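**Student:** My questions will all concern the structure given below.
The values are calculated or read from the model by the stated rules, or taken from the named source; none is laboratory data. Note that the structure is a prediction, hence the values are computed from the model and not measured. As a convention, Cβ positions derive from the backbone with ideal geometry for all residues, glycine included, and neighbour counts pool all protein chains shown. Each accessible area value is taken on the protein alone, full model and side chains, heavy atoms only, with ligands, DNA and RNA left out. Shrake-Rupley method; radii C 1.70, N 1.55, O 1.52, S 1.80 Å.
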Amino acid sequence: MVKLETIISLAKHRGFVFQSSEIYGGLNGCWDFGPLGVELLKNIKESWWKAMTYRQDVEGVDASILMHPRTWEASGHVTQFSDPMIDNKQSKGRYRADNLIEEYIDRLRKKKKTDQADALEAKLEAASEPIDYYNIIVENQIPDPVSGSTDWTEVRNFNLMFKTFIGPVDDSASTIYLRPESAQGIFVNFKNIMDSSRMKPPFGIAQIGKAFRNEINTKNFLFRTREFEQMEMQYFIKPGSDPEWFEYWKEQRWNWYIKNGIPAESLRFKDHEKLAHYANRATDIEFMFPFGWGEIEGIHSRTDFDLKAHQEFSGKKLEYVDTVTKDRYVPYVIETSGGTTRGLMAFLCNAYTEEKLTDDNGKEDTRIVMKFVPKFSPIKAAVFPLVNKDGMPEFAEKLFNKIQTEFKAQYDTSGAIGRRYRRQDEIGTPFCVTVDGDSVQNGTVTIRERDTMQQERIPAENAVAYIHNKLMNA
Ligand code: ATP
C-alpha cells in the first residue's frame, strides 16, 4: 500500500494539488487544485454527471451556496450538526472526542488488546451525548496522543457550520451560513424542478457543488477538509418503495467506482448502525485509503423528513399530486452523497503504481505509473519529436496542434525519449506519440500505450481518431 506522504508529494511536484495559500504558510484544511488536478477533478465530475443525469428520470441543478437561514433550521443543522469536542488543558490540543476514542481503539488493536478494544467500541457505538464521550475518555484514561496528558476539559458540542453575515450589517439578524452540504439546495428546489420539467416520482435531482464544514480536526490530505466539493443526488419516490430504490442506488453507485478503475477488493459497504435523525436506512461506500478504510460516499434513505420539514418551516406544500388518480403524497427520498474531492483522493491513491522493470542491459529500475482509467487522465496524449532536427520538431508540432484541438495534450522535446515516457507515466497519460525519421519520410508515427508500453506504428493523420477510439472503448 502506497504511503500517504508519497501521494501528497507526487500531487504537489506534478501539479495536482497544492496547499492553500502556501506562500503564507498554508491554510489548514484547504487545498488548491493545480493544472493536472483541475483536469482530473473535471473528468471525475463529468463522468458522474453523465452517469447520473444522462437518463430520463434525473435532472440537474446548480443552487447557490448561500441559502435562506431558515433552511438550516428546517434541516436540523442549526441544532444538530455538531461534533463532540474536547481540549487537553495541558497541551492545549483540541480533538473530536469520538475520533480520539477511535484512534485509541486502533492503538489497542495494534497491541493485540482485542477484548479491551471490542468493549470500548461497543461503548463508543452507544455514545451520543457529550457526557458519554467524556466518561469513556476519563474512565479509560485515554491520553492526548501527542503529549500523553490525561488532563481533559469536559466535552462540548461544536457546530460545524461556517457563519457569516449577509449585507453590510453584521448583527445576528443578518447571520447566514456557508452550506455544509449541497443536498438542501435540491430539497428547496424540489417543486420548481418537478413543475418546470414535468417530472413525477420516481425522479431525481443531481447537483455538484462546494460545501463547507468547520471541522475540528482536518487531516489526511483531501479526506477531511474545511472546504470541499460534493456530488449529490436526491431521488424522490412513492413512500413504501424505499427499500427497493435504496438497493438500486447502492448498486449503481458501487458500479460507478468499479467502472472507473477501483477494484472491488478496495471497496466495501459499511451499514450505519447509528442512524441520523433523518434516515431509516444508510450505508457508506468505503475505500481502502493508505490510512485504512474511509467513507467516500453515503447512500441514505431519508424518508419524507426533509420535504416535510421544509413544508412546515416554509408553509409551502411540497407534495406530488397525481392528476389522474388524485393520489397525493410527500415523496420519500433516497440520497447518494459522494465527495468529489475526497473521491479524487481515492482515485489518486488507487492509480498509484510502482513497477519493477529491467532494461536491455539487465539494469533494474522502478517505473511510477498513475493508472487512471484513460478518461480520467488529466493529459490524454503527449507528442515528442525523437530529436530536435531533421524536420521532426516541425512535423511533431503540427501533429500536436491537431491533437490539441480535441484533447488536453502536452508537447515535450527535452531529454531522452525514455525519460519523456516516464514523465508522462507519472501523471497517467495514456498515449505517447513519437515522431521519428520515418515520420518525416512516410507520415507514420508510433503510439505507445501507458500500461502495456507496447508501441504501434500508425499514419499520423489517424492519430486523433485512434485516441478517440481507444478512449471510447476504454
Ligand atoms: P464523516 O463521517 O467522514 O464526517 P459524513 O458522514 O458527515 O462524513 P456526509 O455528510 O454523508 O459525510 O457527506 C457526504 C460525503 O461528502 C462524504 O462521503 C465525503 O465524501 C464528503 N465529505 C464530507 N465531509 C467532508 C470533509 N470534511 N472533507 C472532504 N469531504 C467530505
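**Student:** What figure, in Å² to the nearest 10, do you get for the accessible area of residue 219 with a 1.4 Å probe and non-protein molecules left out?
**Tutor:** Rounded to the nearest 10, that gives 80 Å².
**Student:** Still on this model: Find the lysine pairs in segment 379-473 meeting two conditions, Cα atoms under 20 Å apart and a separation of 8 or more places or different chains, and report how many there are.
**Tutor:** 8
**Student:** If you don't mind, there's one more thing I want to ask. Beyond 22 Å, what share of the Cα-Cα pairs of segment 210-318 is found? Please give it as a whole percent.
**Tutor:** Beyond 22 Å sits 45 percent of the P(r) for segment 210-318.
**Student:** Sorting 324, 464 by accessible area (1.4 Å probe), largest first, what list results?
**Tutor:** Sorted by accessible area, descending: 324, 464.
**Student:** Please compute the net charge surrounding residue 194, taking Lys and Arg as +1 and Asp and Glu as -1 over other residues with Cβ under 14 Å from its Cβ.
**Tutor:** Working: positive: 191, 198, 200, 238, 316, 317, 328; negative: 57, 59, 195, 319, 322.
Taking every Cβ under 14 Å from that of residue 194, the sum is +2.
**Student:** Another question, then. Kindly sort 95, 24 by accessible area of their heavy atoms, largest first, with the probe set to 1.4 Å.
**Tutor:** Ranked from most to least accessible, the order is 24, 95.
**Student:** Another one. Which value, in Å² rounded to 10, gives the accessible area of residue 317 with a 1.4 Å probe and all protein chains present?
**Tutor:** Approximately 130 Å² of residue 317 is accessible to the 1.4 Å probe.
**Student:** From largest to smallest, what semi-axes in whole angstrom does the chain give when each is the square root of 5 times an eigenvalue of its alpha carbon gyration tensor?
**Tutor:** 45, 31, 21
**Student:** Still on this structure: Which Cα, out of 135, 439, 241, lies furthest along the positive dipole direction of the chain (beta carbon charges, K/R +1, D/E -1)?
**Tutor:** Farthest towards the positive pole: 439.
**Student:** Let's see if you can work this out: charge +1 on each Lys and Arg Cβ, -1 on each Asp and Glu Cβ, no other charges. What is the dipole magnitude of segment 379-473 about its Cα centre, in debye to the nearest 20?
**Tutor:** Charge dipole, segment 379-473, about its Cα centre: 220 debye, nearest 20.
**Student:** Within the accessible area of segment 379-473, what % is carbon and sulfur when the probe is 1.4 Å and the other protein chains stay in place?
**Tutor:** After summing per-atom areas, the C and S share lands at 48 percent.
**Student:** I've got another one for you. With the dipole of the chain worked out from charges on the C-beta (+1 for Lys and Arg, -1 for Asp and Glu) around the Cα centre, which of 37, 74, 117 lies farthest toward the positive end?
**Tutor:** 37
**Student:** Next question. Taking the Cβ of residue 328 as the center, what net charge do the other residues with Cβ under 14 Å away carry, scoring Lys and Arg +1 and Asp and Glu -1? Write out the running numbers ahead of the final one.
**Tutor:** Numbers: positive: 191, 200, 238, 308, 317, 326; negative: 304, 319, 322, 327.
Within the 14 Å Cβ shell, the charges total +2.
**Student:** When Lys and Arg each count +1 and Asp and Glu each count -1, what net charge do the other residues less than 13 Å away from residue 259, Cβ to Cβ, add up to?
**Tutor:** Computed value for this residue: +2.
**Student:** In what order, largest first, do 64, 91 sit by accessible area if the probe radius is 1.4 Å?
**Tutor:** Ranked list, largest accessible area first: 64, 91.
**Student:** Please give every one of the lysines within straight-line cross-link reach of residue 191, meaning a C-alpha to C-alpha distance under 27 Å, and leave out same-chain neighbours fewer than 8 residues apart.
**Tutor:** 45, 50, 200, 210, 238, 250, 308, 316, 317, 326
**Student:** Please report the Cα spread of segment 379-473 along all three principal axes, rounded to whole Å, starting with the longest.
**Tutor:** Projected onto the principal axes, the Cα atoms of segment 379-473 cover 34, 26, 23 Å.
**Student:** Among the lysines, which have Cα under 28 Å from the Cα of residue 112 when same-chain residues fewer than 8 positions away are ignored?
**Tutor:** 3, 123, 219, 270, 274
**Student:** While we're here: What is the Cα convex hull volume of segment 289-408 when expressed per residue in Å³?
**Tutor:** So the per-residue Cα hull volume is 248 Å³.
**Student:** Something else: Quick one: dipole size for the chain, taken about the Cα centre, charges +1 on Lys/Arg Cβ and -1 on Asp/Glu Cβ, in debye to the nearest 20.
**Tutor:** Around 540 debye, computed over the chain.
**Student:** What do you get for trypsin sites (Lys or Arg not before Pro) in segment 183-212 restricted to DSSP loop and a cutoff of at most 13 other Cβ within 10 Å of the site's Cβ?
**Tutor:** On the way: sites: 191, 198, 210; in loops: 198.
Of the trypsin sites (Lys or Arg not before Pro), the ones in loops of segment 183-212 whose Cβ has at most 13 other Cβ atoms within 10 Å are 198.
**Student:** Probe 1.4 Å, all protein chains in place: accessible area of residue 81 in Å², nearest 10?
**Tutor:** Residue 81 exposes around 40 Å² with every protein chain in place.
**Student:** Given the DSSP H assignment, sum -39500 (n - 2.57) over each helix run of at least 4 residues in the chain and divide by its residue total; what's the result at 222 nm in deg cm²/dmol, nearest 500?
**Tutor:** Result for the chain: -10500 deg cm²/dmol, rounded to the nearest 500.
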